[in-house]
Amino acid sequence: MEQDHSRHSEMINFIWKVADLLRGDFRAHDYGKIILPFTVLRRLDCVLEPTKVEVLAEVAEMEERGRPLAYREMKLREVAGHGFYNTSELTFKLIAKDHSQAQTLLKSYYGAFSENARKILDRYNFEKHIADLQEKGLLYQVVGEFAKIDLRLPKGPDDKDGIDNHQMGYIFEELIRKFSEDNPAGEHFTPREVVRLMVNLLLAPDEGEGKTRTVLDPACGTGGILSETEEHIKRKAPQTTVGLYGQELNPESHAICQSDLLIKGQEPDNIKYGNSFTQDGHKEQKFDYLVANPPFGVEWKKVKQDVERFARNGDRFQAGLPRISDGSFLFLQHMISKMKPARPDGKGGFEGGSRIAIVFNGSPLFSGGAGSGESDIRRWILEEEDLLEAIVALPDQLFYNTGISTYFWILSNRKHRGLKDKVILLDARGQWTKMRKSLGDKRKVISDSQIAAVTDMYMEAVAAAADPEQSPPENVKILETKEFGYQRITVERPLKLRFEVTEETLTALRASAAIDKAVDAGAFTDALKLLVGERWATKAEAWDAIRQAMVPAGLMMPTGKPFQKALRDVVGVRDPEGEEQYLKKGDPHPEPDPDLRDNENVPLEEDIDAYMKREVLEHVPDAWVDHTKTKIGYEIPFSRQFYVYAPPMPLEAIDAELMSLETEVRRLLGEVTK
């Protein structure tokens with residue numbers, strides 16, 4: 001794997017240096033528009049090279065015999081060994097040898113590709129770039145540089161110089177990142193071993209099943225996850241027909257993914273261009289497997305109106321809408337809408353149905369409190385639909401341009417019967433090997449043996465869920481879905497006040513709009529000057545004193561609620577020993593004090609009164625719960641489930657360590673002063 005990364009870096013650096021030829025003649029943000037299509041074209045050129053002679057011989061024979069067009073298309077694909085072909089005698093190497101005819105030859109070579117290949121290259125406006133390079137005298141140089149690089153497929157499993165589709169996907173992704181001026185922070189190419197593990201967990205329960213399988217990735221990038229999914233299915237069930245589908249918003253990634261499918265013999269038109277949220281490229285279609293590594297924490301503000309309309313109409317996003325700054329749950333709901341319906345088979349299992357694997361950061365586990373969009377979505381997935389099968393925590397520092405912790409979410413509408421209303425939590429954070437040389441933020445890799453170990457743990461967990469007598473592996477928890485729910489209660493305590501008049505009180509009363517509206521604030525405060533320094537234990541005593549002070553000034557105390565509240569808020573002072581305040585007589589509880597208000601999360605299945613008695617009333621006997629404010633929430637506190645208490649170092653050990661360090665410092669200082 002380290003050798004693969006070295007090979008990737010070598011290729012990327014070489015192609016990146018080709019961009020140096022464009023400096024001065026093209027703007028920097030246009031480099032990618034030229035270099036990426038040339039990389040695609042060179043890849044196609046290298047892929048077709050092994051069958052070039054046979055294709056040309058077939059073309060000559062067809063022309064001699066006058067074969068019909070439909071036959072030519074089918075036969076040439078068969079001879080080329082791919083879903084596309086090129087009928088020209090030219091190659092990059094031949095074009096590079098004739099500097100004076102580079103434009104003419106390259107256009108001729110480009111035009112000799114089969115229509116499906118030309119269609120992909122046309123997305124890059126390739127002929128315009130050829131003309132621009134020719135005008136600036138750079139075309140033959142760019143072609144010559146690309147002719148030096150070998151982008152062929154491996155000839156076999158031992159061919160270390162060939163580049164398979166996943167490796168090529170990494171090269172393309174890295175080039176896109178380098179050439180992009182505003183690469184979104186949340187977009188991350190998925191390392192091959194992460195894809196392999198995700199696909200293992202997605203497909204392990206189904207291995208050997210089915211003759212035809214369809215796979216969708218709604219954020220497919222250059223198609224790396226789709227490729228690995230197909231390869232895994234083919235390894236386990238060679239006779240299975242696999243159909244790959246995807247959608248991608250980045251135009252360069254979209255074209256590259258199409259070219260990848262073209263090389264693999266898949267249908268490039270299955271990869272749709274556009275935003276999966278607003279332009280569902282596979283409307284009405286359902287799939288057996290759905291996989292994705294969507295951008296982390298990317299906002300959906302630009303498509304807010306469309307998404308809200310879909311949600312109102314019950315189209316895909318009916319479970320709820322997450323915060324505008326993170327569209328992760330929109331991707332997941334979109335994928336859920338593409339699941340095939342599952343029907344009981346009468347044997348305790350299901351017919352039909354689908355499975356989902358998606359990569360998330362930690363935010364979807366717990367972001368959003370009770371009553372929020374995220375919490376409602378988790379509730380819908382866990383309780384209402386019982387779709388969540390497992391969450392697998394991965395090591396950090398696995399991705400090339402972020403070191404954050406990530407998680408697999410595995411969902412299915414045909415969960416094993418032992419997992420009904422249950423969820424597997426699998427902690428694989430310790431399953432990693434340190435890389436000898438880091439690649440960007442990637443410092444860890446999951447080895448083949450560790451992938452196998454995690455997959456085995458997963459299947460053991462599924463078996464343990466079905467058999468109460470079987471214990472799950474050490475790093476696995478199997479929880480009831482209700483255990484993720486909680487009641488968000490509001491704990492109130494009484495507002496307790498004493499009452500006093502001070503100089504500050506008079507200033508506040510004079511500035512109060514509510515006081516001035518009900519009575520002349522100046523005259524009122526002048527009347528109360530005689531009460532400065534006075535203090536009362538109850539509101540009744542204070543109000544009686546204030547009324548008496550107002551009489552000599554010819555004033556009467558207003559009875560309106562705004563005045564009464566404003567006066568109390570100024571004259572009343574919070575005091576733990578003060579009088580409890582009531583909004584009106586007969587209320588079951590005193591007026592709550594907002595400053596003392598607190599919230600508690602009570603497990604969904606626990607009685608709130610019992611919780612209060614055990615956890616709250618022992619410390620604050622006057623507290624009560626405002627049940628009108630109670631909300632139901634759902635979160636998945638993954639780390640809390642695997643927390644292991646580590647006792648602090650004993651004082652004796654700390655003293656010994658400090659003494660040792662002090663001795664070492666003295667020794668070093670002694671050496672300096674010698």
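The values are calculated or read from the model by the stated rules, or taken from the named source; none is laboratory data. Source: prediction; values computed, not measured. We place every Cβ from the backbone using ideal geometry, glycine too, and count neighbours over all the protein chains shown.
The table below gives the values:
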| quantity | calculated |
| --- | --- |
| Identity of the residue in the range 512-541, of a type outside the set (D, E, K, R) and not in a helix (DSSP H, G or I), that ends up surrounded by the fewest Cβ atoms within 10 Å (Cβ to Cβ) | G533 |
| Positions within the range 46-90 being among the hydroxyl-bearing types (S, T, Y), assigned to a helix (DSSP H, G or I) and surrounded by 14 or more Cβ atoms within 10 Å (Cβ to Cβ), in sequence order | T51 |
| Residue match in the range 650-673 (condition: outside any helix (DSSP H, G or I), among the aliphatic types (A, V, I, L, M) and not assigned by TED's automatic domain parsing to the domain that holds Y407) | no |
| Flag if R614 is under 44 Å from the mean Cα position of the chain (by Cα) and under 30 Å from G373 (Cβ atoms) | no |
| Boolean, N125 is at positive phi and either outside the structural domain of F399 (by TED's automatic domain parsing) or in contact with a Pro (Cβ under 6 Å, 6 or more places away or on another chain) (or both) | yes |
| All positions within the range 474-511 that are in a loop (DSSP other than H, G, I, E, B) and without any contact (Cβ under 8 Å) to a residue 24 or more places away in the chain | E474 |
| Segments classed as strands (runs of 3 or more DSSP E), wholly inside the range 325-440, with at least 2 members that are over 25 Å from D280 (Cα atoms) and at pLDDT below 95 | 342-344, 350-352, 433-439 |
| Residue that is within 30 Å of A623 (Cα to Cα) and among the small types (G, A, S), where the choices are A523, A553, A540 | A540 |
| Residue among R640, R547 that alone is more than 34 Å from the chain's Cα centre (by Cα), in a helix (DSSP H, G or I) and of a type in the set (D, E, K, R) | R547 |
| Residue count, the range 83-118 (criterion: among the aliphatic types (A, V, I, L, M) and either over 18 Å from L151 (Cα atoms) or without any contact (Cβ under 8 Å) to a residue 40 or more places away in the chain (or both)) | 6 |
| From the options G533, G485, residue that is at positive phi and of a type outside the set (V, I, T) | G533 |
| Those residues of the range 285-329 which are in contact with a Pro (Cβ under 9 Å, 6 or more places away or on another chain) and of a type in the set (S, T, N, Q), in sequence order | S328 |
| Selection count, the range 532-554, where residues are in contact (Cβ under 8 Å) with a residue 12 or more places away in the chain, among the basic types (K, R) and within 19 Å of G522 (Cα to Cα) | 0 |
| Scan of the range 340-382 for residues that are in contact with a Lys or Arg (Cβ under 8 Å, 6 or more places away or on another chain) and on the phi > 0 side of the Ramachandran plot, ordered by number | G348, G352, G353, G368, G371 |
| Failed item, numbered, when A521 is tested on (1) within 30 Å of H627 (Cβ to Cβ); (2) in contact with a Lys or Arg (Cβ under 8 Å, 6 or more places away or on another chain); (3) not assigned by TED's automatic domain parsing to the domain that holds K415 | (1) |
| Criterion: over 19 Å from the mean Cα position of the chain (by Cα), at negative phi and at pLDDT below 85 - qualifying residue of K272, K178 | K178 |
| From P590, P650, residue being over 30 Å from K482 (Cα atoms) and in contact with a Phe, Trp or Tyr (Cβ under 6 Å, 6 or more places away or on another chain) | P590 |
| The range 555-574: number of residues that are touching a residue at least 60 places away in the same chain (Cβ under 8 Å), among the β-branched types (V, I, T) and either part of a loop (DSSP other than H, G, I, E, B) or in contact with a strand residue (DSSP E or B) (Cβ under 9 Å, 6 or more places away or on another chain) (or both) | 2 |
| Residues of the range 208-232 satisfying the condition of being assigned to a helix (DSSP H, G or I) and at pLDDT below 90 | G224, S227, E228, E231, H232 |
| Checklist (1) of a type in the set (G, A, S); (2) farther than 24 Å from L249 by Cα; (3) touching a helix residue (DSSP H, G or I) at 6+ places or on another chain (Cβ under 6 Å) applied to S328, failing item | (2) |
| Hits in the range 111-132 (condition: of a type in the set (A, V, I, L, M) and more than 40 Å from the chain's Cα centre (by Cα)) | A112, A131 |
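Here's the yes/no breakdown for (1) farther than 29 Å from D217 by Cβ; (2) of a type in the set (S, T, Y):
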residue: K97; (1), (2): yes, no
residue: Y109; (1), (2): yes, yes
residue: A117; (1), (2): no, no
residue: L133; (1), (2): yes, no
residue: Y140; (1), (2): yes, yes
residue: D150; (1), (2): no, no
residue: G169; (1), (2): no, no
